[in-house]
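A.B. asks: Okay, here's the structure, questions in a sec.
The values are calculated or read from the model by the stated rules, or taken from the named source; none is laboratory data. Keep in mind that what you see is a predicted model, and the values were worked out from it rather than measured. Positions of Cβ are generated from backbone atoms using ideal geometry, with glycine treated the same way; all protein chains shown enter the neighbour counts. The area values use the complete protein model at the heavy-atom level, side chains included, leaving out ligands, DNA and RNA. Shrake-Rupley method; radii C 1.70, N 1.55, O 1.52, S 1.80 Å.
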Amino acid sequence: MPPLLSVFNQNLVPMDSRRNFLQKITLGSGLASLAPTLLSATPAADARQKPARKLRVAIMGLGSYGNRVAKAMKDCKSAELVGIVTGSPEKIPVWQKEYGIPDKNVYNYETVGQMKNNPDIDVVYIITPNSLHHTHTLQVAAAGKHVICEKPMADTAANARKMMAACEKAGVKLLIGYRLHFEPYTRKVIGMIQAGEMGKLNYIDNYQGFKIGDPTQWRLKKSLAGGGALMDVGVYCLNAARYLANEEPIWVTAQETKTDPVKFAEVDETIQFQLGFPSGLVASCATTYNFNFERLYAHGTKGFAEMSPAYGYGPLKGRTHKGPLDEPIVTHQTVQMDGMADIILNNKTLNPPVDGQEGLNDMIVLDAIYKSIRDGGRKVILNE
Ligand code: NDP
């Protein structure tokens with residue numbers, strides 16, 4: 001296995017580019033400022049491929065979040081829901097009626113491969129349980145369709161790598177459903193930090209958790225969830241620490257607490273983890289399935305940012321040393337899907353990215369957190 005730092009460095013936009021870019025985007029405000037947040041990866045290709053049409057999306061997994069994304073897409077300017085992949089036949093007529101989906105764009109998990117012969121679908125948005133993301137991505141890539149995959153990208157970094165390889169081999173794009181990368185409050189804070197308004201970041205404190213209900217749900221089964229609170233919502237804290245730091249962690253320590261070993265027999269209930277970054281920045285993060293909490297605090301030599309709520313569907317709220325944040329309130333999944341349409345159809349990139357490498361970078365640290373809990377002590381990511 002290559003050193004993880006070299007993995008982290010692949011495909012990342014150079015820091016200077018990121019900084020200049022983010023300085024630019026903080027000049028605007030409101031929804032109109034969302035469009036310029038997308039960078040052109042290959043301007044020549046961009047000029048060639050100006051699309052005159054919307055991104056045509058099929059959703060795989062018509063559950064709670066799949067329903068939320070579908071509804072949000074009704075307001076998209078650049079993306080439209082045209083197909084479904086489901087293992088529940090009773091959902092088909094309901095979705096067909098609600099979204100006008102034709103019979104020819106309806107699939108189940110066994111017939112996904114047939115999508116290869118359907119020119120009317122561009123991308124499949126995988127919104128199934130975490131441990132199925134890997135298999136489902138391989139299926140969609142083999143059918144020659146672009147992939148948007150929900151977080152966490154996979155159940156292990158090894159599977160995340162296989163997903164990237166499959167998409168690369170098939171010549172399709174792989175994006176991860178990091179909706180906050182498109183969200184105005186989040187982008188404002190990232191922009192301020194990268195423009196140097198908070199000086200040198202030296203501490204991040206963030207947490208997210210919720211009280212989980214139904215003890216029979218897939219989120220509590222390791223075979224489907226891959227892990228517990230950490231995989232489900234702790235990944236937001238990890239991802240935020242990474243995009244605020246604008247560098248990759250080099251070590252992690254982690255501790256687990258279980259108050260209900262019966263309900264959480266297979267997956268983690270509460271995990272605290274700490275990340276160390278090359279600049280000396282440290283992040284202290286926590287996640288749980290035992291109570292509701294969410295907050296993000298970033299402290300620098302010249303100022304701070306605080307958001308609470310920081311990770312939910314909004315409205316998000318926050319303040320900095322300069323005063324309250326006052327950004328447009330948006331439906332996260334609407335701006336996400338419009339942004340992803342631009343990435344896929346116009347060959348744009350986003351900073352911080354939403355590509356497979358970004359998902360893999362999170363998976364590498366998630367693996368290290370679980371390893372630290374298993375083995376105890378500090379896990380040095382750099383030299384693994
Ligand atoms: P749900 O249980 O509500 O829906 C999952 C759907 O996956 C099911 O309805 C089903 O759809 C399909 N599915 C396929 N195989 C299985 C299986 N073996 N067991 C259960 N369901 C199966 O989960 P969520 O929608 O809450 O979560 C799905 C994914 O979305 C997860 O990866 C989660 O992390 C992510 N998510 C992301 C959020 C975000 O804000 N970005 C928020 C919430 C979730 P069908 O019947 O159509 O086959």
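A.B. asks: For Glu266, indicate whether it is surrounded by fewer than 17 Cβ atoms within 10 Å (Cβ to Cβ) and touching a residue at least 24 places away in the same chain (Cβ under 8 Å).
C.D. replies: Yes, satisfied.
A.B. asks: Let me ask something additional. Report yes if some residue within segment 79-101 is under 20 Å from the mean Cα position of the chain (by Cα) and open to solvent by less than 20 Å² (accessible area, probe 1.4 Å); otherwise report no.
C.D. replies: Checked against the condition, which is being under 20 Å from the mean Cα position of the chain (by Cα) and open to solvent by less than 20 Å² (accessible area, probe 1.4 Å), segment 79-101 yields at least one hit.
A.B. asks: Output yes when any residue across segment 179-190 is away from the ligand (no atom under 13 Å from the Cβ), more than 20 Å from the chain's Cα centre (by Cα) and of a type in the set (Phe, Trp, Tyr), and no when none is.
C.D. replies: There is no residue in segment 179-190 that is away from the ligand (no atom under 13 Å from the Cβ), more than 20 Å from the chain's Cα centre (by Cα) and of a type in the set (Phe, Trp, Tyr).
A.B. asks: Follow-up. Under the condition of being of a type in the set (D, E, K, R) and not in a helix (DSSP H, G or I), which residue from segment 150-186 is surrounded by the fewest Cβ atoms within 10 Å (Cβ to Cβ)?
C.D. replies: Ranking the candidates gives Lys173 first.
To keep it simple, each residue is scored yes or no on (1) modelled with pLDDT under 95; (2) within 17 Å of Lys151 (Cβ to Cβ); (3) of a type in the set (Asp, Glu); (4) open to solvent by less than 30 Å² (accessible area, probe 1.4 Å).
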residue	(1), (2), (3), (4)
His332	no, yes, no, yes
Gln336	no, yes, no, yes
Ile343	no, yes, no, yes
Asp355	no, yes, yes, no
Gly359	no, yes, no, yes
Leu366	no, yes, no, yes
Ser372	no, no, no, yes
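A.B. asks: Here's something else I'd like to know. Search segment 278-289 for residues being open to solvent by less than 10 Å² (accessible area, probe 1.4 Å) and of a type outside the set (S, T, N, Q), and hand back the single one that is nearest to the chain's Cα centre (by Cα).
C.D. replies: Selected residue: Cys285.
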